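The values are calculated or read from the model by the stated rules, or taken from the named source; none is laboratory data. Every value quoted in this text rests on a predicted model; they were computed, and no experiment measured them. All Cβ positions, glycine included, derive from the backbone under ideal geometry; neighbour counts span all protein chains shown.
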Amino acid sequence: MDQGAFPMWKGLFDWSMKYQDGTKPPGSLRPEDFTPERRAWLSEALQSYMMDFAVRMKEIKEVLEESSELSNDSADEAESKLEKQEQLLEELMDIVSSLDHARDLHKIGGLPPLLSLLSCAHPSLRWRSAEVVATCCANNPPVQLWFGEGGVLPPLLKLALDEDATCRSKALLALSAFVRHSAPSMKAFRAAGGLATVTHMCMDVDSRVQRKAMTLLQYIISRDRSSASTEATSLGVIPMAVAVLNNVTLPGEASVSEELQDGVVDNDGNGDGVGSDQRQAALLLLVELSKHAQTWKEVKEVSGIQKVLQRIIRRHSTLSVEDQEAEQEEKDLADLLLQALEGNEPPQLTDTAAENDDVTDESTMASRSDSDPRSKAAANGSLTSGYKYVAHESCTLSSNTGALVACPKVDKI
């Protein structure tokens with residue numbers, strides 16, 4: 001910590017110790033001893049420690065705006081400026097994890113600098129800017145609306161096709177936060193061709209991006225199953241998802257079933273490296289597609305799909321007890337999908353997936369809610385302080401019916 005930033009901190013500590021070190025009996029400090037001068041000193045010391053986040057966000061905004069201007073900096077100066085911008089974006093992301101501060105960022109004109117950085121030359125600034133956008137939009141309807149009106153969608157969709165995998169991953173994070181629980185944002189996303197972009201990303205060469213894209217696509221389809229599922233299916237999402245599931249080899253097997261090889265893309269190329277999380281995302285997507293009659297039929301008609309699901313279930317039984325517990329969700333989803341495809345008509349599955357969702361990063365992004373009355377104070381247009389909210393959800397199935405009760409939404413994003 002920069003001691004120069006808090007010049008009175010040591011004095012405050014010394015003063016506290018003087019009256020709390022046991023050298024005087026309790027109550028020996030009389031009210032009349034606390035003079036106006038001492039009160040003023042203590043107040044100044046405490047204020048020097050507290051930060052006005054609205055002022056700090058304005059300072060960060062101004063620096064980011066200045067840094068985006070063309071300059072003839074030397075290599076060392078450019079590197080120093082880049083590092084400073086990265087640090088400021090990380091600080092800003094921490095500040096706007098509060099609902100109110102996220103709204104305040106818009107009110108002080110903080111979106112334009114972020115839009116500029118989303119398209120800048122440095123990947124480290126592009127993905128950090130996307131992460132700030134995601135943090136601002138998460139469970140924050142006013143910000144989702146304001147950012148949409150401010151033009152955040154086109155640069156995010158462009159970033160989703162970036163050559164840098166981290167940029168693509170953070171673009172998905174921001175897009176997910178932008179569309180969740182917001183009908184206007186979802187409508188704009190669909191109109192801009194967002195579903196095609198996300199479906200394309202389901203075939204990404206980077207397994208992390210592919211998994212996150214499948215999770216987001218599953219949510220989008222859950223909001224508009226008839227239209228979105230048909231469009232995604234026409235773009236080839238079913239064989240892609242099945243290819244992920246097909247990357248399972250049982251002990252003693254040299255290779256997976258050959259029945260699914262024709263027309264199926266193996267994004268890993270060697271059949272290795274597909275983890276349980278990625279298979280869970282593919283299973284959730286296929287379960288969602290199976291809730292609509294037409295796409296249920298297309299999933300059911302994939303040659304060998306039931307054998308692949310049975311292989312996943314058998315593989316689970318070969319794991320250690322600890323690994324079985326860790327991958328129980330994958331096995332349950334495989335059971336659920338197999339049950340759905342063995343029937344003669346689409347199953348009537350519990351539809352809570354469209355109602356319960358959050359957005360988190362691998363390191364767990366803060367998920368916020370307007371249910372706390374204190375967070376509603378920002379709606380009056382004033383700059384106010386806010387709070388962080390953290391929530392976690394996991395996919396669960398009913399122990400009685402086996403129905404899907406709740407699913408992870410973008411908890412992998």
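Give all pairs with beta carbons closer than 7 Å in which a residue from the stretch 303-323 that is more than 18 Å from V242 (Cβ to Cβ) and among the aromatic types (F, W, Y) meets a residue that is modelled with pLDDT of 90 or more and part of a helix (DSSP H, G or I); count only pairs at least 6 apart in sequence or on separate chains.
That search, which allows pairs on different chains as well, returns nothing.
Select from the stretch 138-155 the residues that are at negative phi and not in a helix (DSSP H, G or I) and write down the one among them that is surrounded by the fewest Cβ atoms within 10 Å (Cβ to Cβ).
Here the answer is G150.
Here are some residues: K187, K170, K158. Which one is free of Cβ contacts under 8 Å to residues at least 12 places away in the same chain and outside any loop (DSSP other than H, G, I, E, B)?
Values: K170 fails: free of Cβ contacts under 8 Å to residues at least 12 places away in the same chain; K158 fails: free of Cβ contacts under 8 Å to residues at least 12 places away in the same chain.
K187 is the lone residue from the list that is free of Cβ contacts under 8 Å to residues at least 12 places away in the same chain and outside any loop (DSSP other than H, G, I, E, B).
How many of the residues making up the stretch 299-313 are farther than 12 Å from I238 by Cβ and assigned to a helix (DSSP H, G or I)?
Summing the residues that are farther than 12 Å from I238 by Cβ and assigned to a helix (DSSP H, G or I) in the stretch 299-313 gives 8.
If you check every pair at least six apart or on different chains, which have Cβ atoms under 7 Å apart with a residue in the stretch 325-340 that is under 10 Å from L283 (Cα atoms) first and a residue that is among the basic types (K, R) and buried (at least 19 other Cβ atoms within 10 Å of the Cβ) second?
Listed pairs, sorted by first residue: E330/R279.
Yes or no: the stretch 315-324 includes at least one residue that is surrounded by fewer than 18 Cβ atoms within 10 Å (Cβ to Cβ), modelled with pLDDT under 85 and part of a loop (DSSP other than H, G, I, E, B).
Within the stretch 315-324, the first condition is being surrounded by fewer than 18 Cβ atoms within 10 Å (Cβ to Cβ), and the residues that meet it are 317-324.
Within this subset, residues satisfying the condition of being modelled with pLDDT under 85 are none.
No, that holds for no residue.
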